[in-house]
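Reviewing the structure listed below.
The values are calculated or read from the model by the stated rules, or taken from the named source; none is laboratory data. Not measured: the values here are computed from a predicted model. FYI the Cβ positions are ideal-geometry reconstructions off the backbone, even for glycines, and counts take in every protein chain you see.
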Amino acid sequence: MAIDLSEYESGKKYSGNYDKDLAALQKRLADLQALHIIHDCKTLIIVEGWDAAGKGGAIKRLTANWDPRYFEVYPISAPSAEEKERHFLWRFWQKLPRACEIAILDRSHYGRVLVERVEGFCSEADWQRGYDEINEFEARQHEIGTNIIKMFLHVTQKRQDKVLKERLEDPAKRWKVTAEDFRNREKREEYLAAMHDMFAKTDTRWAPWKVFDGNNQKAARIAVLNYIADELAARIPGDYPELASDISELAEAAFGNQAGEG
């Protein structure tokens with residue numbers, strides 16, 4: 001079924017105990033990262049969405065209890081002069097996860113068919129060709145065993161404006177607001193058209209899109225973390241290895257028969 005962003009605008013409040021449920025989710029995600037490391041898995045998490053939709057806040061909560069040695073968050077901005085001289089996907093090949101790693105893209109290669117399309121940063125031929133190039137890029141990662149989790153956080157214009165105003169009023173958050181926020185705001189209908197095409201042409205069986213209603217921050221965060229946890233649990237083996245014999249001997253020498261208990 002086609003993805004319709006208007007279906008993700010209710011802003012329904014979270015009905016549970018947010019702090020308690022968030023802590024439980026972060027514990028579950030920490031356990032899943034341990035299994036991810038143990039089984040040499042590779043995962044690419046793509047986080048797209050409107051400005052002020054809560055992408056950064058969701059990523060912050062997602063990684064709160066993760067071992068920093070095995071994940072990396074890449075905030076994607078405009079390409080550098082060197083990157084512009086190469087194929088648009090070149091810079092994203094550099095960010096793909098190795099065994100045991102989780103790579104998180106805060107914005108992504110979908111900029112080719114969103115901001116670059118709408119703002120005229122590439123030709124129509126470039127962004128039209130981009131759909132197939134992106135699908136093939138993701139298919140190659142899937143073929144070598146990389147898990148791909150793609151998410152889009154949607155907010156209404158009203159919600160977006162509220163967040164931008166709050167940031168401008170807070171001296172500690174004003175730095176987050178850029179001229180691009182206002183430039184993009186004026187072209188909302190063009191962005192909606194580009195998003196419609198993006199979903200229609202890149203929602204593949206190996207890398208499907210999942211859209212979230214970001215109009216209530218807490219509800220969105222819990223939904224995003226739940227989805228990622230469920231996706232990881234479905235793709236990572238759930239068994240833990242037995243304690244290696246050499247470690248068992250060292251532990252017994254150090255701790256006696258209590259080694260490995262509990």
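Would you check if Lys27 is over 30 Å from Arg183 (Cα atoms), touching a Pro at 6+ places or on another chain (Cβ under 6 Å) and not acidic (Asp, Glu)? In short, no. The residues on offer are Arg183, Arg140, and the sole one that is surrounded by fewer than 17 Cβ atoms within 10 Å (Cβ to Cβ), free of Cβ contacts under 8 Å to residues at least 24 places away in the same chain, charged (D, E, K, R) and more than 27 Å from Ala219 (Cβ to Cβ) is Arg140. Considering (1) buried (at least 21 other Cβ atoms within 10 Å of the Cβ); (2) of a type outside the set (Asp, Glu); (3) without any contact (Cβ under 8 Å) to a residue 40 or more places away in the chain, the lone condition that Gly54 does not fulfil carries the number (3). For region 17-45, filtered to residues that are assigned to a strand (DSSP E or B) and of a type outside the set (Val, Ile, Thr), the residue that is surrounded by the most Cβ atoms within 10 Å (Cβ to Cβ) is Leu44. The combined condition, being modelled with pLDDT of 95 or more and surrounded by fewer than 16 Cβ atoms within 10 Å (Cβ to Cβ), is not fulfilled by Glu48. Identify all residues within region 79-110 that are more than 13 Å from the chain's Cα centre (by Cα), of a type in the set (S, T, N, Q) and either at pLDDT below 95 or within 23 Å of Gln33 (Cβ to Cβ) (or both); write none if there are none. Listed by number, the list holds a single entry, Gln94. How many residues are among the charged types (D, E, K, R), surrounded by 11 or more Cβ atoms within 10 Å (Cβ to Cβ) and closer than 19 Å to Ile3 by Cα when one looks only at region 200-258? Summing the residues that are among the charged types (D, E, K, R), surrounded by 11 or more Cβ atoms within 10 Å (Cβ to Cβ) and closer than 19 Å to Ile3 by Cα in region 200-258 gives 4. Out of Leu105, Leu114, one residue alone is touching a helix residue (DSSP H, G or I) at 6+ places or on another chain (Cβ under 6 Å) and within 25 Å of Asn215 (Cα to Cα). It is Leu114. When we screen Val224, Val211 for residues that are within 27 Å of Leu32 (Cβ to Cβ) and in contact with an Asp or Glu (Cβ under 9 Å, 6 or more places away or on another chain), the only hit is Val211.
Taking every residue in region 217-241 that is under 20 Å from Ile144 (Cα atoms) and pairing it with any residue that is exposed (fewer than 14 other Cβ atoms within 10 Å of the Cβ), at least 6 positions away or on another chain, yields no pair with a Cβ-Cβ distance below 6 Å.
Would you be able to say whether some residue in region 89-100 is touching a residue at least 12 places away in the same chain (Cβ under 8 Å) and closer than 25 Å to Arg185 by Cβ? No: zero hits. Restricting region 110-137 to residues that are on the phi < 0 side of the Ramachandran plot and part of a loop (DSSP other than H, G, I, E, B) leaves a set whose member that is surrounded by the most Cβ atoms within 10 Å (Cβ to Cβ) is Leu114.
Residues that are on the phi > 0 side of the Ramachandran plot, crowded, with 18+ Cβ neighbours inside 10 Å, within 13 Å of the chain's Cα centre (by Cα) and not in a helix (DSSP H, G or I) do not occur anywhere in region 58-73.
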